[in-house]
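Engineer: The structure's right below; bear with me while I get my questions together.
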Amino acid sequence: MLSYTDARRKVIEVAGSIPRPSLRTQVEIEQAFGRILAEPVLADRDYPPFDRSTRDGFAVRSADAQNPGAHLECVGELRAGGHFDAPVLPGQCVEIMTGAGVPQGADAVVMVEHTKREGRTITLERTAQKGDHIVLRGSEARTGTLLVAPKTRLGYAEMALAAQAGATRLDVFAAPRLAILSTGDEVVDARSKPGPLQVRNSNGISIEILARTAGAQTIQLGNAPDEKSALRAAIERGLEQDILVLSGGVSMGKYDLVEQVLADLGAEFHFTGVSIRPGRPAVFGICRKKLVFGLPGNPVSTMVTFELFVLPAVDVLSGAIPRPLPVFRAKLATSVREKGPVTHFLPARIEWEGREARVTQLPWQGSGDIVALALANGFLIVSPDRPEIASGEWVDVLPRRGAI
C-alpha cells in the first residue's frame with residue numbers, strides 16, 4: 001500500500017499525462033483571483049516611472065547636507081502627482097511628500113522629523129547621502145520586463161501588479177470541471193429532514209467548497225444509492241467532466257460498489273488504498289481518460305483525502321504547478337500514542353506562543369466526527385516510524401485549509 005507522499009506523487013504524474021486542450025479565456029481583472037495566468041504580464045513602462053520619494057521631508061542636494069546644522073532655503077512644495085519645474089539649486093530644498101517625484105537637481109530626501117523649520121529656512125539635524133529615501137526610476141522594473149509569469153496563480157499581489165501595468169483583462173487557463181457525487185442509501189439531501197437512520201449529505205458541501213477554493217468549476221450530481229445501475233448512470237454523467245470525485249462506497253462492505261462499477265466501465269486504478277488514517281480506502285484511477293477519485297464516505301476522511309490527493313490534480317489540470325502541502329513544525333503540547341503501520345492525520349488545535357507554534361490533539365470519535373474537525377484548525381501528523389511522541393517534542397502539522 002502506498003504512503004501518502006507516494007500516492008500524491010502518482011496523482012501528479014498521472015494528471016500531467018492526461019491529454020487536455022489548453023483552453024484559455026479572458027477575464028476582467030476583478031474576476032481573476034485564484035485563476036492561473038496563461039499569458040505573461042509585462043511592464044508597460046519603467047517602474048517607478050520617475051525617481052520617487054519614500055518619505056515625507058525635504059528634497060535636497062546631498063552636497064548641501066554633509067554637515068548637521070546646515071541651513072537651506074525651501075523654495076517650493078511637491079505632493080504626489082505634482083510638478084516642480086525649476087531645478088533645485090545649491091543651498092535650496094523642496095518640501096516633498098511620500099510618493100512624489102524628486103525634482104531635478106535633488107538627489108536625496110531628508111525626513112521631516114530630522115529637520116527644523118523657521119519660515120523658509122530649513123535646518124538639517126542629520127547628514128544625507130546621495131540616494132537616501134529615493135527609489136530610482138526603473139529600479140523595480142524596466143519597460144518590457146516580465147512582471148507575472150504564465151502558470152502563476154493570481155493572488156492579490158499579482159493582481160495589483162497587473163493593474164499597475166494596465167493589464168485589466170487577463171488571459172487565464174480555463175478552470176477544470178469537477179463533478180461531485182455522493183453515494184449511500186443512508187444519505188439524504190442537506191435540506192431534507194433525515195430519518196432516524198439517515199444522515200444529511202455534508203460531503204457534497206465540503207467537497208464543493210474545497211474544489212472551488214482549489215480553483216475548479218464544480219458540478220453537483222447529488223447522491224446515488226447503493227445499487228449498481230443507478231450508480232453507473234451517475235458515474236457516467238460525472239465522466240463527462242474533467243474530474244469525478246465520489247464520496248462513500250469504497251470500503252470492503254457488501255454494498256461498497258464504486259470500484260466494481262468503475263471497473264465495469266473500464267477504469268484503470270493507480271491505487272485502491274493509501275497507508276493513512278483516516279482515509280485508508282481512498283481510490284484513484286483513470287476512466288474514459290478522466291481522473292476519478294473515490295474518497296471514503298466518513299466526512300473527516302473525505303476532507304483529508306481531498307486535501308492530499310484531489311487538490312494537486314486540480315492544480316495540474318488548471319495549468320499550474322501543484323502546490324506543496326503546507327506542512328510545518330510545532331511543539332507537541334500533550335503526548336500522543338497511535339497504533340498501526342499508517343500515517344495518522346489527527347484533528348488538532350495549533351496556537352502560537354510568541355513565535356513558537358504549539359499543537360494539541362483534540363479528542364474525537366473517529367473519521368465521522370465533524371464536530372471535532374470544526375474545532376480543529378489543523379492536523380497533527382503521526383508517522384508510522386514514530387507512533388509515540390512525548391509532549392514537548394517537535395512534530396509535523398498540516399493546517400486546515402481556510403482555518404489558519
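Nothing in this text is a laboratory measurement; each read-out follows from the coordinates by a stated rule. Since the model is a prediction, treat every value here as computed from it, not as a measurement. Every residue, glycine as well, gets a Cβ built from its backbone with ideal geometry; the counts of neighbours run over all protein chains shown.
Engineer: Fewest first, what order do Ser301, Ser229, Ser139 take by the number of other Cβ atoms within 10 Å?
Structural biologist: Ser229, Ser139, Ser301
Engineer: Mind giving me the FRET efficiency for Ala233 and Ala157? R0 is 60 Å, r the Cβ-Cβ distance, nearest 0.05 is fine.
Structural biologist: E(calc), rounded to 0.05, equals 0.85.
Engineer: Can you tell me what share of the DSSP beta bridges in the chain is antiparallel? A percent to the nearest 5 is fine.
Structural biologist: Here the share of antiparallel DSSP bridges comes out near 70 percent.
Engineer: Beyond 16 Å, what share of the Cα-Cα pairs of region 328-399 remains, rounded to the nearest whole percent?
Structural biologist: The calculated P(r) of region 328-399 puts 43 percent of pairs beyond 16 Å.
Engineer: In debye, nearest 20, what is the charge dipole magnitude of the chain about its Cα centre with +1 on Lys and Arg Cβ and -1 on Asp and Glu Cβ, if you could check?
Structural biologist: About 640 debye.
Engineer: Can you tell me which of 271-278, 63-70 comes out highest on packing, and rank the rest after it, using the mean Cβ neighbours within 10 Å?
Structural biologist: Top to bottom by mean Cβ count within 10 Å: 271-278, 63-70.
Engineer: Take each of the peptides 360-370, 187-197, average the number of other beta-carbon atoms within 10 Å over its residues, and list them starting from the highest.
Structural biologist: So the order, starting with the most tightly packed, is 360-370, 187-197.
Engineer: Can you give me the long-range amide H partners of Gly184? Hydrogens built in the peptide plane at 1.01 Å from N, cutoff under 5 Å, separation of 5 or more residues or another chain.
Structural biologist: When sequence neighbours closer than 5 places are left aside, the close amide H contacts are Ala224, Asp226.
Engineer: At a 10 Å Cβ-Cβ cut-off, how would you order Val27, Val316, Val109, fewest neighbours first?
Structural biologist: In order of increasing Cβ crowding within 10 Å: Val27, Val316, Val109.
Engineer: Another question, then. Once amide H atoms are placed 1.01 Å from N in the peptide plane, what residues at a sequence separation of 5 or more from Gln92, or on another chain, have their amide H within under 5 Å of its amide H?
Structural biologist: Close amide H contacts, sequence-distant or interchain: Glu73.
Engineer: I would also like to ask the following. With 10 angstrom as the radius, rank Ile134, Ile207, Ile321 by how many other C-beta atoms surround their C-beta, starting from the fewest.
Structural biologist: Fewest-to-most Cβ neighbours within 10 Å comes out as Ile321, Ile134, Ile207.
Engineer: Which one is right for this structure if P(r) over Cα pairs in 20 Å bins from 0, in percent is calculated from it: (1) 28, 57, 14, 0; (2) 27, 55, 18, 1; (3) 23, 38, 24, 14, 2?
Structural biologist: Checking each listed value against the structure points to (3).
Engineer: Please get the size of the charge dipole for region 231-299, origin at its Cα centre, with Cβ charges of +1 on Lys and Arg and -1 on Asp and Glu, quoted in debye to the nearest 20.
Structural biologist: 120
Engineer: Going by Cα centres, region 157-219 and region 274-292 are how many Å apart?
Structural biologist: 19
Engineer: Around Trp394, under 13 Å between beta carbons, what's the net of Lys plus Arg minus Asp minus Glu among the other residues?
Structural biologist: +1
Engineer: Net charge near Ala233: determine it from the other residues with C-beta under 15 Å of the C-beta of Ala233, scoring Lys and Arg +1 and Asp and Glu -1.
Structural biologist: So the environment of Ala233 carries a net charge of -1.
Engineer: Right, something else. Per-residue HN-Hα couplings for region 174-187, Karplus 6.51 cos²θ - 1.76 cosθ + 1.60 at θ = phi - 60°, whole Hz, x for Gly and Pro?
Structural biologist: Rounded to whole hertz, the list is 5, 5, x, 8, 10, 8, 10, 10, 8, 9, x, 5, 7, 8.
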